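A quick write-up on the structure given underneath.
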Amino acid sequence: MTLRKFAGLGALLSLVMPSLVMAADEVAAPVLNSGDTAWMLTSTALVLFMTIPGLALFYGGMVRSKNILSVMMQCFAITGLISILWVIYGYSIAFDTTGMEQGVVNFNSFFGGMGKAFLAGVTPSSLTGPAALFPEAVFITFQMTFAIITPALIVGAFAERMKFSAMLIFMGIWFTLVYAPIAHMVWSGNGGLMWDWGVLDFAGGTVVHINAGVAGLICCLVLGKRKGFPITPMAPHNLGYTLMGAAMLWVGWFGFNAGSAAAANGTAGMAMLVTQIATAAAALGWMFAEWVTHGKPSALGIASGVVAGLVAITPAAGTVGPMGALVIGLAAGVVCFFCATTLKRKLGYDDSLDAFGVHGIGGILGAILTGVFAAPALGGFGTVTDIGAQVWIQLKGVGFTVIYTAIVTFIILKVLDAVMGLRITEEEEAVGIDLALHNERGYNL
């Protein structure tokens, strides 16, 4: 009787087990999450909105009227150029993990493989994310928008004096040799150089802002000052555009930071909150610092403060708490104000629209303070238990990025200058780039 029972049980199990195995396989299979997908689609659109029209208006309003179209066109041209380079090889350089191994430093720690070149293997059913919950095509486009805005930010440093043809070639090479490798080192995962160091960069403080800011500084030093700088007045011609652009950047930045959670979850919600807090604090910090120093607050000042706060909170958005964000924002507003005014004046470099003073300095400050306020002991949500050790790691990441970006950018510019020349002629500069290079005017009265 007992043997018969076991035989019956065995027969039953033989019938049930295949179903159980199939059920387990079905549970384990990645399933698209429509909520995460919807949020990432929205975030992608918001980040693209930051460049066109946000950055185009922000920068366009700050130049002289004879150069407004040149700056806007550069933003549009970069958007087109980087989009194509990203799908041909940029995504692969940044995120292909072939040959990478945690704790092992090799070529692939710096530079991704070519397994994803021309988006090989990407189909409508390809999923990715923290738990493979949304289409890889969406992730590719989301990261493409980061790759677009980073070189576009550099435009602010050399505005009103670089040839359009030289700008296009420079941006293509710089994207290939600087942006994509830095993104790979920071974000690609185990085996990436700065990933293995433990550098915290939630949404691009190192990859985007320090990278672009330092490149911008090298650009304005290599090209030299605009004709007449700093004696000839070069006031912004339309601060209304600049304020509208800053507002678009502020709104779009929620996609930048909250979208970097790669899911519609609590991390995204907190990233949104701390982004708002830091930006508001920086806007007020810059405004009051300018008010005390110069006697009056300005529209350009508060717009610049907004961007400084957005920049500084970017690396920290996924790990700091509300009060940490408040401190980071206030610090960014005040520090960036003095760097974009007093420091620039004292050192005499012509960073036309303060790409280095806001993005470079703000990114460095934010990256370092991330190591402090990501600690749960100071209200953060990271895993930092030793603040001093994490700050040292952040400093290593900042130092490496500054040195690598500065050297490679300098070499690219010098080679291009020798081959084709970087700068427009004095006559073209006097006429304005809009008319001299594009045969158009921003305003026809």
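The values are calculated or read from the model by the stated rules, or taken from the named source; none is laboratory data. This structure is a prediction, so every number in the text was calculated from the model and none was measured. Reconstructed Cβ throughout: ideal geometry from the backbone, glycine too, with neighbour counts over all protein chains shown. Accessible surface areas use protein heavy atoms only, side chains included; no ligands, DNA or RNA. Shrake-Rupley method; radii C 1.70, N 1.55, O 1.52, S 1.80 Å.
Here are some notes:
- The set of residues in the stretch 305-331 being under 17 Å from the mean Cα position of the chain (by Cα) and assigned to a helix (DSSP H, G or I) consists of 306, 307, 308, 309, 310, 311, 312, 313, 314, 315, 316.
- Subset of the stretch 372-393 (residues that are within 16 Å of residue 271 (Cα to Cα) and in contact (Cβ under 8 Å) with a residue 24 or more places away in the chain): 373, 374, 379, 380, 381, 382
- Number of residues in the stretch 344-358 that are in contact with a Leu (Cβ under 9 Å, 6 or more places away or on another chain), part of a loop (DSSP other than H, G, I, E, B) and more than 18 Å from residue 235 (Cβ to Cβ): the value is 1.
- Hits in the stretch 120-171 - residues which are open to solvent by 10 Å² or more (accessible area, probe 1.4 Å) and assigned to a helix (DSSP H, G or I): 136, 137, 138, 139, 141, 143, 144, 164, 165, 168, 169
To keep it simple, each residue is scored yes or no on (1) of a type outside the set (A, V, I, L, M); (2) in contact (Cβ under 8 Å) with a residue 40 or more places away in the chain; (3) in contact with a helix residue (DSSP H, G or I) (Cβ under 8 Å, 6 or more places away or on another chain).
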{"site": "211", "(1), (2), (3)": "yes, yes, yes"}
{"site": "221", "(1), (2), (3)": "no, yes, no"}
{"site": "224", "(1), (2), (3)": "yes, yes, no"}
{"site": "230", "(1), (2), (3)": "yes, yes, yes"}
{"site": "233", "(1), (2), (3)": "yes, no, no"}
{"site": "238", "(1), (2), (3)": "yes, yes, yes"}
{"site": "244", "(1), (2), (3)": "no, yes, yes"}
{"site": "258", "(1), (2), (3)": "no, yes, yes"}
{"site": "261", "(1), (2), (3)": "no, yes, yes"}
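- When the criteria are applied in full, residue 80 fails the requirement of being more than 20 Å from the chain's Cα centre (by Cα), of a type outside the set (Ser, Thr, Tyr) and either open to solvent by 10 Å² or more (accessible area, probe 1.4 Å) or under 19 Å from residue 253 (Cβ atoms) (or both).
Residues checked against (1) open to solvent by 10 Å² or more (accessible area, probe 1.4 Å); (2) under 21 Å from residue 146 (Cα atoms); (3) of a type outside the set (Ser, Thr, Tyr):
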| residue | (1), (2), (3) |
| --- | --- |
| 300 | yes, no, yes |
| 316 | no, yes, yes |
| 321 | no, no, yes |
| 329 | no, no, yes |
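- Enumeration of residues in the stretch 236-266 that are open to solvent by 60 Å² or more (accessible area, probe 1.4 Å) and of a type in the set (S, T, N, Q): 265
- Tally, over the stretch 285-320, of residues that are touching a residue at least 60 places away in the same chain (Cβ under 8 Å) and among the polar types (S, T, N, Q): 2
Per-residue answers, yes or no, for (1) more than 21 Å from the chain's Cα centre (by Cα); (2) within 18 Å of residue 77 (Cβ to Cβ):
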{"position": "142", "(1), (2)": "no, no"}
{"position": "155", "(1), (2)": "no, yes"}
{"position": "163", "(1), (2)": "yes, yes"}
{"position": "195", "(1), (2)": "no, no"}
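- Which listed residue, of 203, 263, is assigned to a loop (DSSP other than H, G, I, E, B) and in contact with a strand residue (DSSP E or B) (Cβ under 9 Å, 6 or more places away or on another chain): 263
- Sole exception among (1) assigned to a loop (DSSP other than H, G, I, E, B); (2) polar (S, T, N, Q); (3) modelled with pLDDT of 95 or more for residue 401, by number: (1)
Condition check ((1) outside any loop (DSSP other than H, G, I, E, B); (2) over 28 Å from residue 307 (Cα atoms)) across all residues:
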position: 342; (1), (2): yes, no
position: 365; (1), (2): yes, no
position: 368; (1), (2): yes, no
position: 421; (1), (2): no, yes
position: 437; (1), (2): yes, yes
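- For the stretch 253-269, the criterion of being of a type outside the set (A, V, I, L, M, F, W, C) and over 20 Å from the mean Cα position of the chain (by Cα) is met by at least one residue.
- Selection of the stretch 412-430 for residues being touching a residue at least 24 places away in the same chain (Cβ under 8 Å) and exposed (fewer than 15 other Cβ atoms within 10 Å of the Cβ) yields 414, 420, 421, 426, 430.
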